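Just below is one structure, and these are the notes that go with it.
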Amino acid sequence: MATGWTVAVTVALAVYATMTSEAGWGVLLMAAAAAGSVFALCLLILGRVPTEWILVWPFAFAPADARAAVSVHATRTAAQILVFWGLFLGVLPLVIDVLEQRWGLAIVFPSFIWVVGLVMLLLASALGIWSAAAMSTRGDGTPLPAAMPNRLVIAGPYLYVRNPMAVSGIVQGVAVGLILSSWMVVVYAILGSLVWNYAVRPHEESDLEARFGDEFRRYRLTVRCWWPRVTGVSPAGSVGAS
């Protein structure tokens, strides 16, 4: 009951702040309280946080059709990039930026910071495209969990870091925040990275280990999750952890 009321008050306060341009900090404090309340309720009832609940379509793990041509996987990958980048790097940051302005929470960034953000965005996007290309052409699949590769991809950026697409997405999110001069978008990107690392990645790696066994375990021991190797591993097989 308390959790429900906390969430309801948070929503009501957000509506009030949006209509009046007041109580913006109150919304953030109540949102943090609501998140903490939901977390505590999960621990009380279930004894844990059911992170597997977020793994629903299109985030439920399933291998892609291995019979499909590489061109099909590449086309689907390009479509995924357009949709997900458009949503998570376009629509949602713009909404957050508008709310930040409306709630009176904006802060002044240095005038040159958008240039830094633009350079970061271009480099991170190049990494994301390189990673997606390696996944679709070498793994018989796509980066999307609902159409995962059928082979472990130790190629391209996966020679140096296990999760180049996640690295790309986090840096892209921070870069968009810098371009918009929005600290809330930067925080949004950082929170997204925490959700991915602690809620999604353990399930993804468990799935990869179940499907690829020792091949993935050797890869995981050799290549770090976040910090790239200076030299790549030998591409003895094909591995992919998006």
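The values are calculated or read from the model by the stated rules, or taken from the named source; none is laboratory data. What you see is a predicted model, and the numbers here were worked out from it, not measured in a lab. Positions of Cβ are generated from backbone atoms using ideal geometry, with glycine treated the same way; all protein chains shown enter the neighbour counts.
None of GLU100, GLU52 is surrounded by fewer than 15 Cβ atoms within 10 Å (Cβ to Cβ) and assigned to a helix (DSSP H, G or I) except GLU52. Just one of the listed residues (MET120, MET19) is out of contact with any Phe, Trp or Tyr (no Cβ under 9 Å at 6 or more places or on another chain) and buried (at least 16 other Cβ atoms within 10 Å of the Cβ), namely MET120.
Any idea how many residues of segment 6-34 are in contact (Cβ under 8 Å) with a residue 12 or more places away in the chain and not polar (S, T, N, Q)? Qualifying residue count, segment 6-34: 16. From the list ALA33, ALA78, ALA17, the one residue that fits, being at pLDDT 90 or above and touching a Leu at 6+ places or on another chain (Cβ under 9 Å), is ALA17. Residues of segment 59-76 include none that is in a helix (DSSP H, G or I), among the hydroxyl-bearing types (Ser, Thr, Tyr) and within 19 Å of the chain's Cα centre (by Cα).
Evaluated against (1) assigned to a helix (DSSP H, G or I); (2) assigned by TED's automatic domain parsing to the domain that holds VAL153; (3) exposed (fewer than 12 other Cβ atoms within 10 Å of the Cβ), SER111 falls short on exactly one condition, (1).
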